[in-house]
Amino acid sequence: MSEPGEWLIYRGAGEPHDGITQLPPPPPWRDFANRSEVCPDGSVRGGDGDGSADRRLGGYRHEAELHRPGAEELEMVNAALYLRRPLLVTGSPGAGKSTLAHSVAHELGLGRVLRWPIVSRSTLQDGLYHYDAIARLQDVQIAAHGAAAGAEPQDPSTGIGSYIRLGPLGTALLPSQAPRVLLIDEMDKSDIDLPNDLLNVLEEGEFAIPELERIADRLPDGVAEVLTHDGTKVRIRGGRVQCTAFPFVVLTSNGERDFPAPLMRRCIHLELGRPDRQRLAAFVRAHLGDEAARAGDDLIIHFLERSRSELISTDQLLNAIYLTGAAAPAGRDRLADLLIQRLDRPR
């Protein structure tokens, strides 16, 4: 065990020093340096394109098999796959709701998970596509000035796809042989209208881009090239996107609100309970390895005891085991309690 203060990088002494060079590597779930590359053809070199699978599933996932679903969980996931229906996953923070999407994508080889994090201002349009009308107007004005100066005039419909970028939902609905995995995260944070706005798109598996529909007859073969959420270019014909393989859609909710019956009717509902000791240990092994799981077993037990009466998250447990193990500071239990603070405490 190190002496008190030895693990501190920032010491609060007011004297500049080079202690930042002693900072150890980040926790695996906060490592943003090992991002993969999305190739021009849409394939991914070295992982999932943004490192999110490693951060979610853990660098030791092949050894630890992080996600050990129970019978009901397996059945509901497969029901959603068979029926081509969205999977609504509810449960407390840190129960593994978002991880489920990454686990399915990893096991079935479905590529990078498309993630749409929901906030109170999110609209259906945000998920489908964004049209940068201002940038296009500016470019049209620049072209007009060039034409006035003698340059060859251009059809304003040419290149309109350069100003359109599909959102995560829009990208998931592109035609493909295998389904993409779409994570619509924290749906209970949305505006009251968003769940109802999603109904038609989730039912029909298609949507229109009016900016392209209006000028389809002026486009070569009615086709425009637009950017996807992945950053690649795809061809859209006639201004409509129609899926051929319905995506595996995971909607997560912390249970902070109820959803309208029409949305619930279109979803397969899975409620995730609190993880038990075995699952928590597997969770720690997946991210930190077997030795860290054994060393942190007492923290796992203490975490389970507290979770019976307090709202706490498995992310906090990971933080505590990593920091008390990596820095090995004195006052280990006190530091762990500081990191695992109840989320429902009065502010």
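The values are calculated or read from the model by the stated rules, or taken from the named source; none is laboratory data. What you see is a predicted model; the values in this text were computed from it and never measured. Neighbour counts run over all protein chains shown; Cβ positions are idealised from the backbone, glycine included.
Structure values in brief
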{"quantity": "In the range 213-239, residue farthest from residue 160 (Cα to Cα) [restricted to those that are in a loop (DSSP other than H, G, I, E, B) and of a type in the set (Val, Ile, Thr)]", "calculated": "232"}
{"quantity": "Of all residues making up the range 319-335, the number that are in a helix (DSSP H, G or I), modelled with pLDDT under 90 and of a type in the set (A, V, I, L, M)", "calculated": "3"}
{"quantity": "Sole residue being modelled with pLDDT of 90 or more and at positive phi, chosen from 231, 255", "calculated": "231"}
{"quantity": "Close pairs from the range 287-316: first touching a residue at least 12 places away in the same chain (Cβ under 8 Å), partner part of a helix (DSSP H, G or I) and of a type in the set (Asp, Glu), Cβ under 8 Å, at least 6 apart", "calculated": "289/63; 290/63"}
{"quantity": "Yes/no for residue 305 being at pLDDT 90 or above and touching a Ser or Thr at 6+ places or on another chain (Cβ under 7 Å)", "calculated": "no"}
{"quantity": "Listing of strands (runs of 3 or more DSSP E) fully contained in the range 62-140 that carry 1 or more residues being aliphatic (A, V, I, L, M) and touching a helix residue (DSSP H, G or I) at 6+ places or on another chain (Cβ under 8 Å)", "calculated": "87-90, 114-117"}
{"quantity": "Residues satisfying the stated conditions in the range 259-278, i.e. at pLDDT below 90 and either crowded, with 19+ Cβ neighbours inside 10 Å or not basic (Lys, Arg) (or both)", "calculated": "272, 273, 275, 276, 278"}
{"quantity": "Filtered residues of the range 178-212 (kept if β-branched (Val, Ile, Thr), buried (at least 20 other Cβ atoms within 10 Å of the Cβ) and assigned to a loop (DSSP other than H, G, I, E, B))", "calculated": "209"}
{"quantity": "Failed item, numbered, when residue 170 is tested on (1) among the small types (Gly, Ala, Ser); (2) crowded, with 17+ Cβ neighbours inside 10 Å; (3) touching a Ser or Thr at 6+ places or on another chain (Cβ under 9 Å); (4) modelled with pLDDT under 95", "calculated": "(4)"}
{"quantity": "Residues that are part of a helix (DSSP H, G or I), more than 19 Å from the chain's Cα centre (by Cα) and not hydrophobic (A, V, I, L, M, F, W, C), drawn from the range 240-292", "calculated": "262, 265, 266, 277, 278, 279, 285, 290, 291"}
